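Note sheet for the following structure.
The values are calculated or read from the model by the stated rules, or taken from the named source; none is laboratory data. Here the structure is a predicted model, which is why all the values come from computation and not from measurement. Accessible surface is based on the protein model in full, side chains and every heavy atom, while ligands, DNA and RNA are left aside. Shrake-Rupley method; radii C 1.70, N 1.55, O 1.52, S 1.80 Å.
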Amino acid sequence: RLLTFFPVFWSVLDHPQSLCAMIARRVLLSLILVAIGIFLQGCGTGSGNAPKPTFAWESEDFRRYSKDGTKLMTRKEFDDSYGSKSNELWNNAPKEIKLLHDKLRKEDVRTAFDADAFKASEHGDKVKEWREMLTATPVKMLKGVGSDQVKKEEFHVTLPLAVQQFGETDWLAKWNSGTDTDCQECCNAVKYRRHCLQRSPHCKWEKAACHPIMSQANMYGKRRYFPEDMSLATHPEFKEKDSVNGQALWDKAPQERRVVDGKAMTMFGFQKQYQAAWMGVWSTSLTATQRAKSKDGKVLNMKGFKDQYQSKWSEFGNWPMEKGNGKDDDDIKRLVACEECCLEAKEQALCTEPYCKWSGSKCEIPDTLPKEHRFHHDIKATGNRVKAVTLDSFKKYSES
């Protein structure tokens, strides 16, 4: 059709004084200008005004609880672990649920989604936000829990408690027979006082209603470094500190990392490594004093970066910046072992006293470690279980 159009168009231009020729010339000029604009826009994408990265859903975003209920696994991990039974186990396994991101909530009510429901919702294109969302604790209405006197009653039971109560081989059948209800942290939806009290320490009963004890952003301390004063702050606190640029500052600010087993990780790293037990490990771990290599090759902590680059210390090209989707880019490789990360320090220059000591060929945790830091090195997660211990057992870990 285009080929038949051009001879007609050209024939009109052969009569320069006609009205049709004038219109045709204007149309041709418009097409040329549009083509030039598209060309220049295409050239601009290689400059400093690069488009924002987009994030696509991946198989790693869809996780379910393992056969023994102790960790979250992807479909590939089910296939690798359970072989021919993986399909049946995957279909019966509870899905991971997450608390809706603060930025996406329209009202102050906590709700939780699994990945499939989130993808099908109005927020389905917010993959980056999904990866930042906190894993929630599933809850069901179950009978047969507790002492003989109350086993006929129906209780709100968390998934970890169901595993503990019914055992690794029987918990799943019991769990799937229960009635769905809101997550452990979703306090606002709970209507009865006794159900609210069962959700301690996340919820409290006040004025005939169930309320969150702390905001979602503060619940497990997801914080980033506010560039002006280098203080750790939550997402709402960034907006309080700077109502105009708070969101932009949050998006590029360095994340808090904490030390466990001699290395520093972000909250995402804790979730990935410790699965269902990550919250307890995160809350008892020491905030890392992060270090990185500057453009001139010096190893500096954040204070050193601010001394060198002043107000621009946290901008791209100075302090290493992450993509924000849990996968580090090349820039983040400039991070080196933190000051407390003895086991990650592979050279003597990175083995920092008093947290660490260099012993011949390796960096070790010293016996003389200050009391306020010793607890965080000594308490280590074993598997994915949180175990109740006696007071005497606690005392052997820390004098305090």
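Extension gain, residue 70-residue 294: 0.36 nm per intervening residue step, less the Cα-Cα distance, totals 76.5 nm. The listed residues 293, 333, 95 rank as 333, 293, 95 when sorted by accessible area, largest first, using a 1.4 Å probe.
Solvent-accessible surface (1.4 Å probe) assigned to residue 66 amounts to roughly 0 Å². Applying 0.36 nm per residue to the separation of residue 122 and residue 349 and subtracting their alpha-carbon distance, the gain on full extension is 76.6 nm.
If you stretched the chain out fully between residue 367 and residue 311, how much longer would it get, using 0.36 nm times the residue separation minus the C-alpha to C-alpha distance? If you can, show how the numbers build up before the last one.
Details: separation 56, 0.36 × 56 = 20.16 nm, distance 3.88 nm.
Stretched out fully, the residue 367 to residue 311 stretch lengthens by 16.3 nm.
Solvent-accessible surface of protein heavy atoms, probed at 1.4 angstrom with all chains present, puts 166, 226 in the order 166, 226, largest first.
For residue 97, the amide hydrogen comes within under 5 Å of the amide hydrogens of 136, counting only partners 5 or more places away or on other chains and with H modelled in the peptide plane.
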